[in-house]
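> Below is a structure I'd like to ask you about.
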Amino acid sequence: MSSYISNSLIHWTGRNKNFEEAYSTLEKIINSEILWLSFCPIHNSAIEDCKIMMVCFTDIPLSLSEEHCNTFGKFGIAFNKNRMIGYGANPVFYLTDKNNNRLKEVYNFLTKALDKERDREFLEGSENFDYSTEQIYSLLEIFGFTQEYYSNTIEKEFYYEREWRINCQTLKIVSGQNEPESGQAKMLGITQKNGMKFDLSDIDFMIVPNSFYDKACLAFPKLKVKIYENEIAK
């Protein structure tokens, strides 16, 4: 099974970057022990207005990653899958057009419920709330893990990315002067969650091109470093 599904979740850092930029991003993540959350595109026509902060991974084994790396780069950090699951990582739900249309109806319903939820304290007693706050937000969080199986707009099949995500809603928030523990979110300013703390022991290995191997080993002597060219099947 390990040749088909990786035991690690790899966060690749090289998309739309040259080698120096990709390596610099990798170094910053490891040195800070923070995985930065960003508004990644959710290619799902049912919920185009749904904006979710997240960090993304894949569980494609290295030996099968060449096509994936043609888009996402050759620099990556492989995290222990079980540790990341404990922090809230989940594989995305790939939906075909028929099921995506059904999802749109559910999302429209939840959006209306959320509008009412914001005024719960003023409407309680005059409105019938037959759901709890936890129930409505738990349902909405699920949408952050959805992805179209195939996009007719850009003619791409996302299913082959084998994507996993950690979304900001699943993380415990730490604010003020408190330092986050592994699996908790760091807060920027007053309201914006922007990074998940991890521990170096969460890392299974780093992956870099051969030309950066010595540099990575010198910078991170306690971490295992793999060479991209040696791992990717030709």
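The values are calculated or read from the model by the stated rules, or taken from the named source; none is laboratory data. Model, not experiment: these values are computed from the prediction. Neighbour counts are summed over all protein chains in view; Cβ atoms, including those assigned to glycine, are modelled from backbone coordinates with ideal geometry. Just the protein is used for accessible areas: all its heavy atoms, side chains included, with ligands, DNA and RNA removed. Shrake-Rupley method; radii C 1.70, N 1.55, O 1.52, S 1.80 Å.
> Short version: ³J(HN,Hα) in whole Hz for each residue of region 19-28, in order, from phi by Karplus 6.51 cos²θ - 1.76 cosθ + 1.60 (θ = phi - 60°), x for Gly and Pro, what are they?
Taking θ as phi minus 60°, the curve returns 4, 5, 5, 5, 5, 4, 4, 4, 4, 5 Hz for region 19-28.
> Tell me the per residue accessible area of the chain using a 1.4 Å probe; a whole number in Å² is fine.
57 Å²
> Output the pairs from K112/K197; K98/K172; K17/K81; K104/K172; K156/K215; K197/K226 with a Cα-Cα distance over 32 Å in this structure; if there are none, say none.
K112/K197; K98/K172; K156/K215
> Highest mean first, how do 204-217, 65-78, 14-27 rank when packing is the count of other Cβ atoms within 10 Å averaged over residues?
65-78, 204-217, 14-27
> Excluding residues on the same chain fewer than 8 positions from K28, give the aspartates and glutamates whose Cα lies under 19 Å from its Cα.
Cross-link targets: E20, E179, E181, D199, D202, D204, D214.
> Calculated FRET efficiency, E33 and E155, Cβ-Cβ r, R0 45 Å, to nearest 0.05?
0.70
> Let me ask something additional. Taking amide H positions as placed 1.01 Å from N in the peptide plane, with prolines and chain starts having none, which residues 5 or more places from F93, or on another chain, fall under 5 Å of its amide H?
So F93 has HN proximity to T146, Q147.
> In angstroms, what radius of gyration and Dmax does the chain have, counting Cα atoms only?
So, for the chain, Rg and Dmax equal 19.7, 68 Å respectively.
> Taking amide H positions as placed 1.01 Å from N in the peptide plane, with prolines and chain starts having none, which residues 5 or more places from K156, or on another chain, fall under 5 Å of its amide H?
Hits under the 5 Å cutoff: S151.
> Search the structure for amide H atoms under 5 Å from the amide H of V174, placed 1.01 Å from N in the peptide plane, and list their residues when 5 or more places away or on another chain.
A185, M187
> Another question, then. When you count, for each residue, the other Cβ atoms within 10 Å and take the mean per peptide, how do 54-61, 107-114 rank with the highest first?
Highest to lowest by the protection proxy: 54-61, 107-114.
> In whole percent, how big is the carbon plus sulfur part of the accessible area of the chain, probe 1.4 Å, protein atoms only?
C and S atoms contribute 49 percent here.
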